[in-house]
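Asks: My questions all concern the structure below.
The values are calculated or read from the model by the stated rules, or taken from the named source; none is laboratory data. No experiment lies behind these values; they were computed from the predicted model shown. FYI the Cβ positions are ideal-geometry reconstructions off the backbone, even for glycines, and counts take in every protein chain you see. Please note that ligands, DNA and RNA were not included when accessible areas were found on the heavy atoms of the full protein model with its side chains. Shrake-Rupley method; radii C 1.70, N 1.55, O 1.52, S 1.80 Å.
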Amino acid sequence: MIEILDKPSTGATIRLHATDNVVVARTDVAIGAVLEPEGLRSRSQVPAGHKIAARAITKGEPIRKYNVVIGFAAADIPPGTLVHSHNMEFREFDRDYAYGQDYRPVEFIPEHERASFMGIVRPNGQVATRNFIGLVSSVNCSATVVHKIAEWFTPERLAEYPNVDGVVAFAHGTGCGMEATGEPMDLLRRTLAGYATHANIAGCLVVGLGCERNQLSMLFQDQKLTESDRLRGFVMQETGGTRKTIEAGIAAIKEMLPEANRVKRTRVPASHITVGLQCGGSDGFSSITANPALGAAMDLLVRHGGTAILSETPEIYGVEHTLTRRARSREVGEKLIERIRWWKDEYTVGRDTQINGKVSPGNQAGGLANIFEKSLGSSMKGGTGPLMEVYRYGEPVIQKGLVFMDTPGFDPCSATGQIAGGANVILFTTGRGSMFGAKPVPSVKLATNSPMYRKLEEDMDINCGEILDGTSTIPEMGQKILDHTLRVASGEKSKSELLDLGNHEFVPWNIGIVG
């Protein structure tokens, strides 16, 4: 388990572990500056969030942050020198998976003391945090139609249905020109079905063209979907074309709206909250403030009986052994390693992708040198509790507690899989300032640092930079995040919802051949 400071030390630099050979610059550092409390003199200009050699590091020596190896010195590095991708190399090293060695059962809070929120209980027992009507395209060829239908339902036309949060289209760029059978089609179908039957969807229309490979009839059959007052299908070639399908879709949604509007929020246990954990635009402070604070919040949520979905497989690579050690069984731990090996040995072989070392320009500018360093912070979002299960992309999440879902690191694609699996809230940390929405669920943004929060306050919900500023601790911020999550799950709008984001972030993972 990674040891995390409740509150960073004061001074120009932050030491994260006694054995680390680097420290982190709290603010921009000038050449020649004396760096307290380390007593170093800076040999470089160092941007805030970047690493500084805390002592002389010899060529080939592991670079340690949080006492975790994040790379190796590419040359001799004198103390006080900027340590980044120019003098630190990425290479593989052995990791002990020690399956289940550190497993400890969750210490649940007594039921009568557990948190609750105001949720919407569906007839089938699902609990919603929002109340949308959805339109799902089976194929890109029906994407325009579902958008046109959704666009007809303006705020003015929905004014008489105050309990309906909106009508939203979920269109995508595939469904044909792909393999007719196998995992790519299975993945697409379970993603579409996960949205069509999501707790936050009061009613749904699924619209196909008619000649696509992802046939509507096969989608319904494969995913055991049944048409009803809440779920209907339209095939454009059978309905009469574009205009007639749009008209039929509008009429069908008009029929759904009165029933959708009858919902009432009631008090339900926090165990009905399933959080999709995301990070984007990460920086050098992500592993110091927002990610460990979110992890603290998820430890609390799990103790209240809730569920946290950690994802983004490339962004736990290098620290996956910290998860396998906490797995509830060897089988669960091996599922995680099987997914990582598929990524490394099959999916990304010879490709210039994140899991093979190189992170995005924004991550680099923010102080992250490679994927090992990024993964160190990314994995913290899941907290410190036991890993209870591992899921493939978009699979229904039925296990409570901390679970892992195999997804790409690309945030819209990753969140789409989590929502398809049942996430009803997205909590999203960012250091550079990601702008993201995730209809049909609320998305909450957690800023890693105060300057970015102040600059982008219209988009950011919580300022975890208070930890760096010394005005909050990680446990205090964790409680604040959980309290805010309960309010948002009860209907309070997040910043992304106030900006009406989330209409174009439905991105199913296309893992197959396009032909």
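Asks: Report the gain in length on full extension from Arg55 to Met118: 0.36 nm times residue separation, minus Cα-Cα distance, nm rounded to one decimal.
Replies: 17.4 nm
Asks: Can you list residues from other chains, or at least 5 along the same chain, whose modelled amide H is less than 5 Å from the amide H of Ile63?
Replies: Distant-sequence amide H within range of Ile63: Ile70, Gly71, Phe72, Ala73.
Asks: What accessible surface, in Å², does a 1.4 Å probe find on Tyr103, ignoring ligands, DNA and RNA and rounding to the nearest 10?
Replies: For Tyr103, solvent-accessible area is about 70 Å².
Asks: Grab the DSSP H runs of the chain that are 4 residues or longer, score each as -39,500 (n - 2.57), total them, divide by all residues and round the 222 nm result to the nearest 500 deg cm²/dmol.
Replies: -7500 deg cm²/dmol
Asks: If you line up the long axis of helix 330-342 against the longest principal axis of the chain, both from Cα atoms, how many degrees apart are they, to the nearest 10?
Replies: Taking the Cα atoms of the chain, the angle to 330-342 is about 90 degrees.
Asks: Could you give the accessible area per residue of the chain, probe 1.4 Å, as a whole number in Å²?
Replies: About 39 Å² of surface per residue is accessible.
Asks: Please turn the phi angles of region 403-415 into ³J(HN,Hα) values with the Karplus equation 6.51 cos²θ - 1.76 cosθ + 1.60 (θ = phi - 60°), one per residue in order, whole Hz, x for glycine and proline.
Replies: 10, 10, 10, 6, 9, x, x, 5, 4, x, 5, 5, 5
Asks: Here is a further query. At a Förster radius of 22 Å, what calculated FRET efficiency corresponds to the Cβ-Cβ distance of His17 and Gln101, to the nearest 0.05?
Replies: Efficiency at R0 = 22 Å is approximately 0.60.
Asks: Turning to a different aspect of this structure: Roughly how many nanometres apart are two label points built 7 Å out from the Cα toward the Cβ at Ala251 and Val514?
Replies: Inter-label distance under the simple model: 3.6 nm.
Asks: Scan around Val136 for amide H atoms under 5 Å from its own, H built in the peptide plane at 1.01 Å from N, and keep only partners 5 or more places away or cross-chain.
Replies: Under 5 Å from the amide H of Val136: Phe170, Leu205, Val206, Val207.
Asks: Tyr453: accessible area at probe 1.4 Å, nearest 10 Å²?
Replies: Roll a 1.4 Å probe over it and Tyr453 shows about 40 Å².
Asks: Once amide H atoms are built 1.01 Å from N in the peptide plane, which residues 5 or more positions from Ser116, or in another chain, come under 5 Å H to H?
Replies: Ala270
Asks: Using a 1.4 Å probe on the protein heavy atoms, what percent of the accessible area of the chain belongs to carbon and sulfur?
Replies: Carbon plus sulfur share of accessible area: 50 percent.
Asks: For Ser271, Ser450, Ser360, give me the order by solvent-accessible area with a 1.4 Å probe, most accessible first, ignoring ligands, DNA and RNA.
Replies: Most to least solvent-accessible, the answer reads Ser360, Ser271, Ser450.
Asks: Right, here's the next one. So between Lys224 and Glu151, what do we pick up on full extension, going 0.36 nm a residue minus the alpha carbon distance?
Replies: Going from the current span to full extension adds 23.4 nm.
Asks: Here is a follow-up. For Thr27 and Glu111, FRET efficiency with R0 = 45 Å and r from the beta-carbon atoms, rounded to 0.05?
Replies: E between Glu111 and Thr27, to the nearest 0.05, is 0.45.
Asks: Which FRET efficiency, nearest 0.05, do Gln479 and Lys244 yield, Cβ-Cβ r, R0 60 Å?
Replies: The pair Gln479/Lys244 has a calculated efficiency of 0.65.
Asks: At a probe size of 1.4 Å, how large is the accessible area of Thr181, to the nearest 10 Å²?
Replies: 110
Asks: Between Glu492 and Arg262, what is the spin-label point distance in nm, taking each point 7 Å from the Cα along the Cα→C-beta axis?
Replies: Result: 3.1 nm between the two label points.
Asks: For region 155-300, what's the relative contact order in percent, using C-alpha pairs closer than 8 Å and at least 6 residues apart?
Replies: Relative contact order for region 155-300 comes out at 22 percent.
Asks: Run the numbers on region 364-515 and let me know its relative contact order in percent, using alpha-carbon pairs under 8 Å that are six or more apart.
Replies: 21
Asks: Let me ask you something else. Could you state the angle between the C-alpha long axis of helix 143-152 and the longest principal axis of the C-alpha atoms of the chain, as a value from 0 to 90 degrees rounded to the nearest 10?
Replies: That works out to roughly 80 degrees.
Asks: Could you check what % of the DSSP bridge pairs in the chain are antiparallel, to the nearest 5?
Replies: Given both bridge residues lie in the chain, the antiparallel proportion sits at roughly 40 percent.
Asks: Below 8 Å, C-alpha to C-alpha, sequence gap of six or more: please give me the relative contact order for the chain in percent.
Replies: Once divided by the residue count of the chain, the mean separation gives 18 percent.
Asks: Which angle between 0 and 90 degrees, to the nearest 10, do you get for helix 474-489 versus the longest principal axis of the chain when only C-alpha atoms count?
Replies: 10
Asks: Which residues does the label zone of Arg392 cover in region 278-322, counting backbone N under 19 Å from a point 7 Å along Cα→Cβ?
Replies: Within reach of a label on Arg392, which here means backbone N under 19 Å from a point 7 Å along Cα→Cβ, region 278-322 contributes 310-314.
Asks: Note down the net charge around Met388, summing +1 for each Lys or Arg and -1 for each Asp or Glu among other residues with Cβ under 10 Å from its Cβ.
Replies: Summing Lys/Arg as +1 and Asp/Glu as -1 gives +2.
Asks: Do any of Lys264/Lys493; Lys344/Lys480; Lys65/Lys439; Lys65/Lys455; Lys224/Lys400; Lys358/Lys445 go past 27 Å between their Cα atoms, and which?
Replies: Lys344/Lys480; Lys65/Lys439; Lys65/Lys455
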